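Participant: Provided herewith is a single structure, encoded as structure tokens, for subsequent inquiry.
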Amino acid sequence: MSLPLGKLTDESEILNSGSSNYDIMSLKNFAKLANTAYCTNTGINFGPNIQAYIEEKDNSVLIIFSGNEDDLTEFIQEKTGLTDYKSCPGAKVNQGFYEEFFPARIYIVSKILAFIRSDNIIPIFIGHSLGGVYAILAALALHEDLPNMLDINVYTYGIPRIGNKEFAQYADSRLKISRATYFNDDVPTKPVAHTILWIWGNAYMHCGLEYYIPGPKKENQLRRCNSLDATSESKNCINAVKFTSRNSHYGPYWGIQMNKCEDYQRDLPMD
């Protein structure tokens, strides 16, 4: 299920824990799958550091990417330069993400296409941290190869910024992205968005609609934030936090602690 994208404004609202919002219900349900991606080695290796799990469920195909803490730290603190995203003039993405993902792009899309056997299949991309970055890039790659496929949903948890404003606008115009953030996690605040660089198109900006959990067991105070006219990020969710910490990077998200496998291990059926 995908909702039409309207003009984004700097609006935010508190959502109660019993909200029936489709995106919130999906973020809750998919948090366990995002965590499971850390906890099994039965997925598909698309490259040295890219692994995903593909599962068919009803009329959907779930594509779940695992995170990688070592690569994440390097990309958001060291390899923070931007490089052209060739599918959209003016769009740029993080150099580290680009160098890691794009050599595997064709292989990733071919594997996903093998599961899309009819026009009624809805692809859903899921990932925490760096896995969420690859989920968005893979979803865009699928759309670029199948431009008539309009119903592509992405659910991410604790992802860093991927590219500049033009990339964020490009992604939001083609995908339905729901982006969960937690408490004072420092990863969603990186790479730093230096606003003065917007003049040259080199400033980072998040894509997607943000759902912010303000602290432990505070899902009943969930805040939803839009961007400011699609030109800058809202200051009412995680960007309002003054002191951030990597200790909060794994949540919990709706009771699920990412990268903690004791209680959530299970195998996903693979081809």
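Participant: From the list LYS79, LYS111, which residue is basic (Lys, Arg), buried (at least 16 other Cβ atoms within 10 Å of the Cβ) and farther than 22 Å from TYR204 by Cβ?
Facilitator: Step by step, each of LYS79, LYS111 is checked, and only LYS111 is basic (Lys, Arg), buried (at least 16 other Cβ atoms within 10 Å of the Cβ) and farther than 22 Å from TYR204 by Cβ.
Participant: From the list SER129, SER87, which one is out of contact with any strand residue (DSSP E or B) (no Cβ under 7 Å at 6 or more places or on another chain), open to solvent by 10 Å² or more (accessible area, probe 1.4 Å) and among the small types (Gly, Ala, Ser)?
Facilitator: Sole residue among the options that is out of contact with any strand residue (DSSP E or B) (no Cβ under 7 Å at 6 or more places or on another chain), open to solvent by 10 Å² or more (accessible area, probe 1.4 Å) and among the small types (Gly, Ala, Ser): SER87.
Participant: Next question, about the same structure. For the stretch 79-105, give me each residue that is under 24 Å from TYR38 (Cα atoms) and either of a type in the set (Gly, Ala, Ser) or part of a loop (DSSP other than H, G, I, E, B) (or both).
Facilitator: Correct list: LYS79, GLY96, ALA104.
Participant: Now a separate question. So, in the stretch 123-149, how many residues would count as being outside any helix (DSSP H, G or I), at pLDDT 95 or above and among the aliphatic types (A, V, I, L, M)?
Facilitator: The qualifying residues number 2.
Participant: Which of the residues belonging to the stretch 30-67 are out of contact with any strand residue (DSSP E or B) (no Cβ under 6 Å at 6 or more places or on another chain), in a loop (DSSP other than H, G, I, E, B) and hydrophobic (A, V, I, L, M, F, W, C)?
Facilitator: Result: CYS39, single match.
Participant: Kindly list the number of the only condition in (1) open to solvent by 10 Å² or more (accessible area, probe 1.4 Å); (2) in a loop (DSSP other than H, G, I, E, B); (3) among the β-branched types (Val, Ile, Thr); (4) under 21 Å from ILE50 (Cβ atoms) that fails for ILE159.
Facilitator: (1)
Participant: Return the only residue of TYR38, TYR53 being buried (at least 21 other Cβ atoms within 10 Å of the Cβ), farther than 29 Å from LYS165 by Cα, modelled with pLDDT of 90 or more and out of contact with any Asp or Glu (no Cβ under 7 Å at 6 or more places or on another chain).
Facilitator: Values: TYR38 fails: modelled with pLDDT of 90 or more.
Just one listed residue meets the conditions, TYR53.
Participant: Further question on the same structure: Just to check your reading of the model, which residue among ASP172, ASP151 is touching a residue at least 24 places away in the same chain (Cβ under 8 Å) and either open to solvent by 30 Å² or more (accessible area, probe 1.4 Å) or at positive phi (or both)?
Facilitator: Only one candidate passes the filter, namely ASP151.
Participant: Still on this structure, I have one more. Please determine, by comparing only the residues of the stretch 90-108 that are of a type in the set (Gly, Ala, Ser), surrounded by 14 or more Cβ atoms within 10 Å (Cβ to Cβ) and more than 21 Å from ILE64 (Cβ to Cβ), which one is modelled with the lowest pLDDT.
Facilitator: Narrowing the stretch 90-108 to residues of a type in the set (Gly, Ala, Ser): 90-91, 96, 104.
Filter again for surrounded by 14 or more Cβ atoms within 10 Å (Cβ to Cβ), leaving 91, 96, 104.
From the residues that got through so far, the ones that are more than 21 Å from ILE64 (Cβ to Cβ) too are 91, 96.
Working: ALA91: 96, GLY96: 91.
Filtering first and then ranking leaves GLY96.
Participant: Given (1) under 23 Å from THR80 (Cβ atoms); (2) surrounded by fewer than 18 Cβ atoms within 10 Å (Cβ to Cβ), where does TYR134 come up short, assuming only one miss?
Facilitator: The single condition TYR134 does not satisfy is (2).
The values are calculated or read from the model by the stated rules, or taken from the named source; none is laboratory data. None of the values given here were measured: they were computed from a predicted structure. Quick reminder, even Gly has a Cβ in these numbers, built from the backbone with ideal geometry, and neighbours come from all protein chains shown. We work out accessible area using only protein heavy atoms, side chains counted, and drop any ligands, DNA or RNA first. Shrake-Rupley method; radii C 1.70, N 1.55, O 1.52, S 1.80 Å.
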